[in-house]
Every structure is written in C-alpha cells, then in structure tokens.
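**Student:** Mind looking over this structure? Questions follow.
Please treat every number below as a calculation from the coordinates, not as lab data. Note that this is a predicted model, so its numbers are computed, not measured. So basically every Cβ, Gly included, is an ideal-geometry build from the backbone, and we count neighbours across all protein chains shown.
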Amino acid sequence: MSTQVTVKRTVAIALMEALGFKTASKHDNKKLARKLEGLEELIDENTKVEDPALDEQLKAILEADKVSVKDDEESEASEGEEKKDKKAKKAKGEKGEKGEKDPKEEKKPTKTLNRIETAAQAVMALTEKTKVKDIVKKADDIYVAAGGKSNLKESNYSTNRAVQCLEAVGLIKVEDNEVSVIGTVTSK
C-alpha cells in the first residue's frame, strides 16, 4: 500500500533549513517535494531536528512513499475543492472519465538540474573545514536527492569548478585541500 504525505510549503522549507539546506525557500513546490522524498538517502533514521513538530513531520516524510508540497492556503482549501471539481466534471460529462486524459494533468518538463549549483550549495552549507573529496560526495548526494543520477566523476569536476569560483570571489578559503567558508551571500 502506497502512502502519500502532503506538507505545507512553510513547513517543508523550515524542515529543509533545519536539516542544513539553506536555499530551500528558492525552490518551487515540486522541487521541494523531490528533495523531501530523497531525504532518506541523505540522513539516517536517528536524525532529529530541534522543533518537535518538525521532527514528527520528518518521521512521516521518511515513512511515506510519496511527498507533495502545497502552498499554505492551497493545502487547507484544496481538499474540499478537488472533490467538488471532480463531481462537477462528472456531472457535465467532461474529461476525467476512463480512457480520456486531462491535458492539464500531463507532466510538464522539469528544470534541468545543475551540478555546479548543487556543488556550490554543498560548499556554502559547510560549518567547519572540510576536505574537497567529502564535499564532492555531499554535492553528489544533493544532486541525487533533487532527482539526478549519481556520478562522482561529474560531481568532482563540478565541485572543483564551484570551489574555484567561490574562492575567487572571496566566499571560501582553501588550504591544504580543505575548504572553509569565510563569507556569506545575501539576496536583495
């Protein structure tokens, strides 16, 4: 039996940020859902967050087969509206009956993942000096959690490019193949 969990956007962002994913608020709901579904590969079952409500939500997400993220006002109102819409369509004889596909429900192409972006996220999430090879693994894990395929060779290349760029702009410092974050990025 397949289980699905629906999470409010603000809760999903708070949970991801509590787990160290600082850019969670920049992602759309579908990408947040993919990241939440991939958490079981990045953390173990003993991982806890400080907020008890978020910790309970984390447990539910890890046990679920599918995760969806809804805007806060959408998640409260959508359940009743979906039932009304289905009944109205059936009564009118509109699409939704067996054999017919609703064009709105077709999958839209998702944004192509960027390995250098995930490598930069892994670097900027550091809290202490870390070897580049460990960052490569973390960047690959983030990429996989976002729906990509694991490839340590590509992750190594992308991480080294990201490290070079971040060092050039003064956000990180590299000494003896160890990286430490010395700056922060703020958005306007």
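**Student:** What is the extension gain from LYS137 to VAL174, computed as 0.36 nm multiplied by their sequence separation minus the C-alpha to C-alpha distance, in nm to one decimal? Mind dumping the intermediate values first?
**Tutor:** Details: separation 37, 0.36 × 37 = 13.32 nm, distance 1.76 nm.
Taking LYS137 through VAL174 to full extension adds about 11.6 nm, to one decimal.
**Student:** Could you work out how far apart the two model spin labels at ASN160 and THR186 are, taking each label as a point 7 Å from the Cα in the direction of the beta carbon, and quote it in nm?
**Tutor:** 3.5 nm
**Student:** Explain nothing, just the number: dipole magnitude of the range 115-181 about its Cα centre with +1 on each Lys and Arg Cβ and -1 on each Asp and Glu Cβ, in debye rounded to the nearest 20. Don't jump to the answer; show the numbers that get you there.
**Tutor:** On the way: 10 positive and 10 negative charges, 41 e Å.
Result for the range 115-181 is approximately 200 debye, rounded to the nearest 20.
**Student:** Further question on the same structure: Quick one: which of LYS66/LYS138; LYS59/LYS137; LYS26/LYS149; LYS59/LYS133; LYS59/LYS138; LYS66/LYS153 span more than 27 angstrom between C-alpha atoms? Please list the in-between numbers first.
**Tutor:** Values: LYS66/LYS138 23 Å; LYS59/LYS137 24 Å; LYS26/LYS149 22 Å; LYS59/LYS133 30 Å; LYS59/LYS138 22 Å; LYS66/LYS153 30 Å.
Listed pairs above 27 Å: LYS59/LYS133; LYS66/LYS153.
**Student:** What distance in nm lies between label points placed 7 Å from Cα along the C-beta direction at LYS66 and LEU42?
**Tutor:** Distance between label points: 2.2 nm.
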